[in-house]
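Let me begin by presenting the structure, written as structure tokens, before commenting on it.
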Amino acid sequence: MVENPDFQATEGNHQASKPQKAETREGELHLRFFVAEGSEFALPATGIRRIIQHAPDYITPVPNVSPLLLGTLNQQGQVIWVADLGQFLGCAKLMNTDCAEIPVIAVEEQGIVLGLAVDKVVGTDWLDPESLKATTNPSDGMAPFLKGEWLLGSGSPLKLLDHVAILHSARWVA
């Protein structure tokens, strides 16, 4: 037996604490974030590999690639292509790279990983897929990558992106 002066055995009636009721959550877990123009989007947590925040100089520019790509990022020995998600979706405002850190959402599908640079990550939220509505008036550049939208309590839309469609888009070749 290990002697420990701080350990004292107590006598008496020991009762196990009552089990806590688990909080049930409705819907599926999603990551919420903003792009440079101020629009809010969500991605299903199941398609997200990790969230990375680095200074812009950690992203290495690569010449002669699509202008949508900011460059590459080395994350734990793996090279990840990083794209400006707002620009990819057709937003006119470019990502501000004159900042301390850039949030990058690394999405993955069938071994393909792509980093999506965003303006601000809000956090995670449980969202009900049953209350997802068709996107109202999506731009032509954004429509192929939207699954729908939720109307938030504030009346502003939260658009759900299809990360698989983004990964397999022909826009990366242009």
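What follows draws every value from the coordinates through simple rules; no lab data is involved. Source: prediction; values computed, not measured. Here the Cβ is made from the backbone with ideal geometry for all residues, glycine too, and neighbour counts use every protein chain on show.
Here are some notes:
- Sequence-distant contacts, meaning Cα pairs under 8 Å at least 6 residues apart, place the relative contact order of region 28-172 at 28 percent.
- Working value for the chain: equivalent-ellipsoid semi-axes of 40, 24, 14 Å, each the square root of 5 times a Cα gyration tensor eigenvalue, largest first.
- Taking Glu109, Glu149 and counting other C-beta atoms within 10 Å, the order from fewest to most: Glu109, Glu149
- For the chain, adding -39500 (n - 2.57) for each run of n ≥ 4 DSSP H residues and dividing by the number of residues yields -1000 deg cm²/dmol at 222 nm.
- Restricting attention to the chain, close to 85% of DSSP beta bridges with both partner residues there are antiparallel.
- Size of charge dipole - the chain - debye, nearest 20, with Cβ of Lys, Arg +1 and Asp, Glu -1, no other charges: 380
- Of Lys93/Lys147; Lys93/Lys120; Lys133/Lys159, pairs whose Cα-Cα distance is over 18 Å: Lys93/Lys147
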